[in-house]
Amino acid sequence: MKGEFYILEFLKHSSPIIQLAWSFSCIFFIIIAMLIMYLKYLRNHLRENEKIKAKYQEDYESYLVTYLYSGNEDGSFSPEQQLIINELKKSVADPFKRKIIISTLLKLRNEISGEIAESIDKLFIKLGLLRYSLAKLRNEKWDIIAIGIRELTQFKIKGVHKIIINNINHPKREVRKEMQLYLVHLYAFKGLEFLNVLETSLSEWDQIQLLEILQLKNDPQIADIKPWLKSSNDSVVIFTLKLAKVYNQFEAKGELIKLLNHKSEDVRVNAISALSHLNIVEAKNILKNNFNERSHEEQIAFLKMMENVYENNDKPFLLEHIHHKSFEIKLLIMEILKHINFEEYTLYEIELKKMLTA
């Protein structure tokens, strides 16, 4: 007690700066103590929530497993299934429980396939969860919209693509990506119709994902890619050129050759790559005639093309450019000459070494 009195007396007769410093110290101490207490409460609260969540998840998993293996042979709902549906519907109204039900459905769906997986998709609709996913599409927050589209994709809900495609040019890339994945996951090549009206750019990663899904779908009905090769969106054209390579779209030869004069260098380089993959030799003469007018990247792409479609009569052209200022281009030309005539190649190689050491 005397110690506290002496401290108070000391502060009372101290300078205002010391008094202010002590005041701030006390305030900070109180704030830190309150924050520690709050964090402790928050941690306990989260632990309790996790326990509750785990308990509900265990109950819902039990319900769903029983539901999946108690159906009638004719596909109709058995009395036991109807009881489970009624019980789960009560929980769907609660946002916390609804979130757990959806995550549990997804967990089971990812572990199974075939008719049982389809029964989960039907249950998703039967429980009234579809309207909650659709409601997310009307939300002002972009991340909620993306979650809604993802849920519709995961449960393979068709028939709502006209609503989802409204987000085709959404300002947020994440929403556009989910929309694209929905269409291609559920409709394969037919889902690529969004390319007709896409105004925003398709990133390299988006293109890779779409191609992977299409190849997994193994859809025999390949779309007509010609209109997309004429798109004003360069990223759509580049993606379509990749489609031409993967699916060997030789019938688009005319449109591919026209792209050699496209305003975008990236498009021209990708067009050369596609023409090379398809072994369209008509493009070779076009590129030979204006080789010097092409960019460095185009010249390299063309010479890589020539490695696949070279002929003996290409030798004069190659010799004309053997002294090219680019070392990479010189090496490519030498490699093609080697394939055309190995005996003569050694003479060109000696000449090239003399030039490099001169």
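The values are calculated or read from the model by the stated rules, or taken from the named source; none is laboratory data. Since the model is a prediction, treat every value here as computed from it, not as a measurement. Cβ coordinates were reconstructed from backbone atoms using ideal geometry, including for glycine residues, and neighbour counts include every protein chain displayed. These area figures cover heavy atoms from the full protein model, side chains too; ligands, DNA and RNA do not enter into them. Shrake-Rupley method; radii C 1.70, N 1.55, O 1.52, S 1.80 Å.
Each row is one residue, and each column tells you yes or no for (1) modelled with pLDDT under 80; (2) in contact with a Cys (Cβ under 8 Å, 6 or more places away or on another chain); (3) assigned to a helix (DSSP H, G or I).
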site: PHE5; (1), (2), (3): yes, no, yes
site: LEU8; (1), (2), (3): yes, no, yes
site: SER14; (1), (2), (3): yes, no, no
site: LEU20; (1), (2), (3): yes, no, yes
site: ILE32; (1), (2), (3): no, no, yes
site: ILE36; (1), (2), (3): no, no, yes
site: TYR41; (1), (2), (3): yes, no, yes
site: ASN44; (1), (2), (3): yes, no, yes
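I'd like to check something: does the range 172-185 contain any residue that is surrounded by fewer than 17 Cβ atoms within 10 Å (Cβ to Cβ) and either of a type in the set (Phe, Trp, Tyr) or over 16 Å from the mean Cα position of the chain (by Cα) (or both)?
For the range 172-185, residues surrounded by fewer than 17 Cβ atoms within 10 Å (Cβ to Cβ) and either of a type in the set (Phe, Trp, Tyr) or over 16 Å from the mean Cα position of the chain (by Cα) (or both): absent.
Which ones in the range 293-339 are part of a loop (DSSP other than H, G, I, E, B), basic (Lys, Arg) and under 26 Å from LEU259 (Cβ atoms)?
ARG294, the sole residue that qualifies.
For the range 271-307, what are the residues that are of a type in the set (D, E, K, R), surrounded by fewer than 14 Cβ atoms within 10 Å (Cβ to Cβ) and under 20 Å from ASP234 (Cβ atoms)?
If the condition is that a residue be of a type in the set (D, E, K, R), surrounded by fewer than 14 Cβ atoms within 10 Å (Cβ to Cβ) and under 20 Å from ASP234 (Cβ atoms), then GLU297 is the only one that fits.
Can you tell me which residues in the range 289-319 are at pLDDT 90 or above and among the basic types (Lys, Arg)?
The answer is ARG294, LYS304.
Restricting attention to the range 136-165, report how many residues are without any contact (Cβ under 8 Å) to a residue 24 or more places away in the chain and either outside any helix (DSSP H, G or I) or of a type in the set (S, T, N, Q) (or both).
Residues meeting the conditions: 5.
In a helix (DSSP H, G or I), modelled with pLDDT of 90 or more, hydrophobic (A, V, I, L, M, F, W, C) and under 18 Å from GLN249 (Cα atoms): is that true of LEU260 in this structure?
yes
For the range 46-70, give me each residue that is in a helix (DSSP H, G or I) and among the hydroxyl-bearing types (Ser, Thr, Tyr).
TYR56, TYR60, SER62, TYR63, THR66, TYR67
Does the range 77-102 hold any residues that are out of contact with any Gly (no Cβ under 8 Å at 6 or more places or on another chain), open to solvent by 50 Å² or more (accessible area, probe 1.4 Å) and either within 16 Å of PHE155 (Cβ to Cβ) or at pLDDT below 85 (or both), and which are they?
Within the range 77-102, PRO79, LYS99 qualify.
To keep it simple, each residue is scored yes or no on (1) of a type in the set (Phe, Trp, Tyr); (2) out of contact with any Phe, Trp or Tyr (no Cβ under 7 Å at 6 or more places or on another chain); (3) under 30 Å from ASN196 (Cβ atoms).
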site: ILE257; (1), (2), (3): no, yes, yes
site: ILE272; (1), (2), (3): no, no, yes
site: ASN279; (1), (2), (3): no, yes, yes
site: LEU303; (1), (2), (3): no, yes, no
site: MET306; (1), (2), (3): no, yes, no
site: VAL309; (1), (2), (3): no, yes, no
site: LEU318; (1), (2), (3): no, yes, no
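Which pairs do you get when a residue that is in contact (Cβ under 8 Å) with a residue 12 or more places away in the chain and under 13 Å from ILE336 (Cβ atoms), found in the range 291-315, comes within reach of a residue that is open to solvent by 70 Å² or more (accessible area, probe 1.4 Å) and among the polar types (S, T, N, Q), reach meaning Cβ atoms under 8 angstrom, with the pair 6+ apart or on two chains?
That search, which allows pairs on different chains as well, returns ASN308/ASN279; VAL309/ASN279.
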